[in-house]
Amino acid sequence: MSSQPNEPGTTATRPAAAAGSGLAFQEFEALRRQLDLSLEELTVRLGLSRATVAERKAAGRLTHDESGKVVSFARLLGHAVHLFGDIDEARLWLKTPQRGLHGAVPLQPPNVLPNCGVAVSVTSVG
């Protein structure tokens, strides 16, 4: 089992305050590891471009808006881990189409569920 979403230094433990000035790029990497996604997969799921991620990596910091997306995904992961009691089960649920979400994948960008006409805030889960 890899790192837990509530270990010190992760966005799940310091959500809104950290996003104010923009998170360090290492938080993007920590979330990527926690979700067990490739850099490309997380980039797409957050609705970012490869060029933007490369720029942020070089600068070492995300923007306020990008940080908000990372924090939202970290919170969603934290809620899923709490619900399922296991990070592996949480990851599976987050990456799999869900009947209760009209077949949408919870980590599907840009957090708009297809075929149901509503946008969802991932921070409202739980």
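In the stretch 48-80, what residues are in a helix (DSSP H, G or I), within 10 Å of residue 23 (Cα to Cα) and β-branched (Val, Ile, Thr)? 70, 71, listed by residue number.
Okay, residues lined up against (1) surrounded by fewer than 16 Cβ atoms within 10 Å (Cβ to Cβ); (2) at pLDDT below 95:
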{"position": "14", "(1), (2)": "yes, yes"}
{"position": "25", "(1), (2)": "no, no"}
{"position": "37", "(1), (2)": "no, no"}
{"position": "45", "(1), (2)": "no, yes"}
{"position": "52", "(1), (2)": "yes, no"}
{"position": "65", "(1), (2)": "yes, yes"}
{"position": "76", "(1), (2)": "no, yes"}
{"position": "105", "(1), (2)": "no, yes"}
{"position": "115", "(1), (2)": "yes, yes"}
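Taking into account only those residues within the stretch 81-101 that are in contact with a strand residue (DSSP E or B) (Cβ under 9 Å, 6 or more places away or on another chain) and not in a loop (DSSP other than H, G, I, E, B), which is modelled with the lowest pLDDT?
Of the stretch 81-101, the ones in contact with a strand residue (DSSP E or B) (Cβ under 9 Å, 6 or more places away or on another chain) are 97-98, 101.
Those still in the list that are not in a loop (DSSP other than H, G, I, E, B) too: 98, 101.
Numbers: 98: 91, 101: 86.
The extreme case among them is 101.
The values are calculated or read from the model by the stated rules, or taken from the named source; none is laboratory data. Since we're looking at a predicted model, the values are computed, not measured. We place every Cβ from the backbone using ideal geometry, glycine too, and count neighbours over all the protein chains shown.
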